[in-house]
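Reviewing the structure listed below.
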Amino acid sequence: MRIASLAVPLLAGIIASAGCNGANPAPRTSPDMTIAMKKSPEAVSLFGTPLYAREFSAETRARLERDLARAQAAYEHTPTNADSIIWVGRRLGYLERYRDAIDVFSKGIEQHPNDSRLYRHRGHRYITLRKFDLAAADLQKAADLIQGTPDEMEEDGAPNSRNIPTSTAQGNIYYHLALAHYLLGHYDKALASWNDAMRIARNDDSRVSLADWRYITLRRLGRDDEARQVLVPIT
């Protein structure tokens, strides 16, 4: 299914087909030239290296594009529904069309300025694009919006083999907020958010990943004795 034809009407046309989406027929030329013509960088690394979307296998791309087409159809049925907007953005992200995903979340925020999930997902994709200041601002906004509200499981877009979600909406906000601060070198702020995430962790998957990050952050802060204590409960 051609992604370009589906994306044009979506959100008043803000999702223009990215050069990396592979939707248009490739010119008859060498593979290297085809890649160069199709793609523009999604981001630039911290070392100044252009970062491109991966070349998916035909099977994987077809599956991801089918998922996006379903999300777009749901959006077209309920264009003001926040869930519909979020899933279009998430599905674009899984295709590594990160800039398009951010455009979708931004449009969603205009319509739903108090929905923490939109800031959570846009902040996540700002991290992907190495825009850490913007990510921290979005994720802090999300953290402010969830104060005093109940937590809930967050549906996985790429489920594990048992199709059991392992993370929560609030846990993901604090996790990514901590990550943005860590990547900015704000280790005290990162540790505070790792600790917030740990307090609401519901399973060992979350506890182990958070223990790893808390250990690393405490080592960055020179608090080696505390770092060692983090590992004590890990068996």
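Taken together, the values in this text are just the output of simple stated rules run on the coordinates, not laboratory data. Everything numeric in this text was worked out from a predicted model, so none of it was measured. Glycine gets a Cβ as well: all are built from the backbone with ideal geometry, and neighbour counts include every protein chain shown.
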Low-density loop chymotrypsin sites (Phe, Trp or Tyr not before Pro), the stretch 190-235, at most 15 other Cβ within 10 Å, DSSP non-H/G/I/E/B, are none
Spatially proximal aspartates and glutamates relative to LYS107 (Cα-Cα < 17 Å; intrachain offsets below 8 disregarded) | GLU76, ASP83, ASP115, ASP138
Heads up, the stretch 123-235 by the C-alpha gyration tensor (a ≥ b ≥ c square roots of eigenvalues; a/c under 1.5 rounded, else a/b over b/c prolate, else oblate) looks oblate
Using a cut-off of 12 Å between alpha-carbon atoms, which aspartates and glutamates can reach LYS39, once sequence neighbours fewer than 8 places away in the same chain are excluded?
-> GLU55, GLU96
By how many nm would the segment from LEU221 to ILE200 lengthen if fully extended, with 0.36 nm per residue of separation less the alpha-carbon distance?
-> 5.2 nm
The simple spin-label model distance between ARG70 and ASP212, using points 7 Å out along Cα→Cβ, in nm, is 2.9 nm
Stretchable slack from THR80 to THR60, in nm (0.36 nm times residue separation minus alpha-carbon distance) = 4.2 nm
Extension reserve of the ILE234-ASP151 stretch, reckoned as 0.36 nm per residue once the Cα distance is removed | 27.4 nm
Exactly which trypsin sites (Lys or Arg not before Pro) in the stretch 182-235 are in a DSSP loop and have at most 15 other Cβ atoms within 10 Å?
-> ARG202, ARG223
Once amide H atoms are built 1.01 Å from N in the peptide plane, which residues 5 or more positions from ALA43, or in another chain, come under 5 Å H to H?
-> LEU51
Name the long-range amide H neighbours of THR168: under 5 Å, sequence gap of 5 or more, or other chain; modelled H, no Pro or chain starts.
-> GLU154
Expressed to one decimal in nm², the mean projection of the alpha carbon convex hull of the stretch 65-115 is 3.0 nm²
On a C-alpha basis, how far is the centre of the stretch 94-131 from the centre of the stretch 172-219 in Å? Whole number, if you could?
-> 21 Å
